[in-house]
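K.L.:
Structure incoming, see below.
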Amino acid sequence: QVQLVESGGGLVQAGGSLRLFCEASELTFSRSTVAWFRQALGKERLFVAAVSRNGNPYYADSVKGRFTISRDNGKNTVYLQMNSLNSDDTAVYYCAADPSVIITWIATAREYDYWGQGTQVTVSS
């Protein structure tokens, strides 16, 4: 069965950086759309970034210019580099993937069949 595992979360001071990792079993990322979503306590789950099957990145306006999504096909790993973090970035970050998601629906959480357990990112002021 497909399993996604996130890592790299933690506590960081405002202005700092973190790098998140997403690894998968039984799913080839280079043949799937892979995305990051985040959910703050008491808030809805929101799109952060995604990488398409052909490797093109997509970002929410709130993180554009600060976050970078990338994919290492050899390691079957997707990364989210997060810079200039602020308190609004505090959330549980989830990795999601699905081989059938197309660009039109890339930012829609319900389109993804496979999800990781989430990793907590906390930014202190």
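K.L.:
Looking at SER17, SER52, which is the one that is small (Gly, Ala, Ser) and open to solvent by 30 Å² or more (accessible area, probe 1.4 Å)?
P.N.:
Checking each option against the conditions leaves just SER17.
K.L.:
Also: Filter segment 1-15 down to residues that are at pLDDT below 95 and in a loop (DSSP other than H, G, I, E, B) and give me whichever is nearest to ILE69 (Cα to Cα).
P.N.:
Among residues in segment 1-15 that are at pLDDT below 95 and in a loop (DSSP other than H, G, I, E, B), the one nearest to ILE69 (Cα to Cα) is VAL2.
K.L.:
Being modelled with pLDDT under 95, acidic (Asp, Glu) and part of a loop (DSSP other than H, G, I, E, B), is that true of even one residue in segment 16-29?
P.N.:
Within segment 16-29, one or more residues are modelled with pLDDT under 95, acidic (Asp, Glu) and part of a loop (DSSP other than H, G, I, E, B).
K.L.:
Right, here's the next one. Name every residue in segment 78-121 that is part of a strand (DSSP E or B) and either farther than 20 Å from ALA14 by Cα or open to solvent by 50 Å² or more (accessible area, probe 1.4 Å) (or both), in order of residue number.
P.N.:
Those that are part of a strand (DSSP E or B) and either farther than 20 Å from ALA14 by Cα or open to solvent by 50 Å² or more (accessible area, probe 1.4 Å) (or both): VAL78, TYR79, GLN81, TYR94, CYS95, ALA96, ALA97, ASP98, TYR114, TRP115, GLN120.
K.L.:
In segment 45-56, is there at least one residue being free of Cβ contacts under 8 Å to residues at least 12 places away in the same chain and not in a strand (DSSP E or B)?
P.N.:
Of all residues in segment 45-56, those free of Cβ contacts under 8 Å to residues at least 12 places away in the same chain come to 54, 56.
Filter once more, keeping what is not in a strand (DSSP E or B): 54, 56.
The answer is yes; a qualifying residue exists.
K.L.:
Looking only at segment 27-49, how many residues end up being over 21 Å from PRO99 (Cα atoms), open to solvent by 70 Å² or more (accessible area, probe 1.4 Å) and either under 14 Å from the mean Cα position of the chain (by Cα) or among the charged types (D, E, K, R) (or both)?
P.N.:
Of the residues in that region, 2 qualify.
K.L.:
When segment 36-60 is examined, which residues are found to be closer than 18 Å to ASN83 by Cα and of a type in the set (D, E, K, R)?
P.N.:
If the condition is that a residue be closer than 18 Å to ASN83 by Cα and of a type in the set (D, E, K, R), then ARG38 is the only one that fits.
K.L.:
Could you grab me the full set of residues in segment 61-76 that are on the phi > 0 side of the Ramachandran plot and open to solvent by less than 70 Å² (accessible area, probe 1.4 Å)?
P.N.:
ASN76
The values are calculated or read from the model by the stated rules, or taken from the named source; none is laboratory data. None of these values were measured; they are calculated from a predicted model. Cβ coordinates were reconstructed from backbone atoms using ideal geometry, including for glycine residues, and neighbour counts include every protein chain displayed. Heads up: the accessible areas ignore ligands, DNA and RNA and are worked out on the full protein's heavy atoms, side chains in. Shrake-Rupley method; radii C 1.70, N 1.55, O 1.52, S 1.80 Å.
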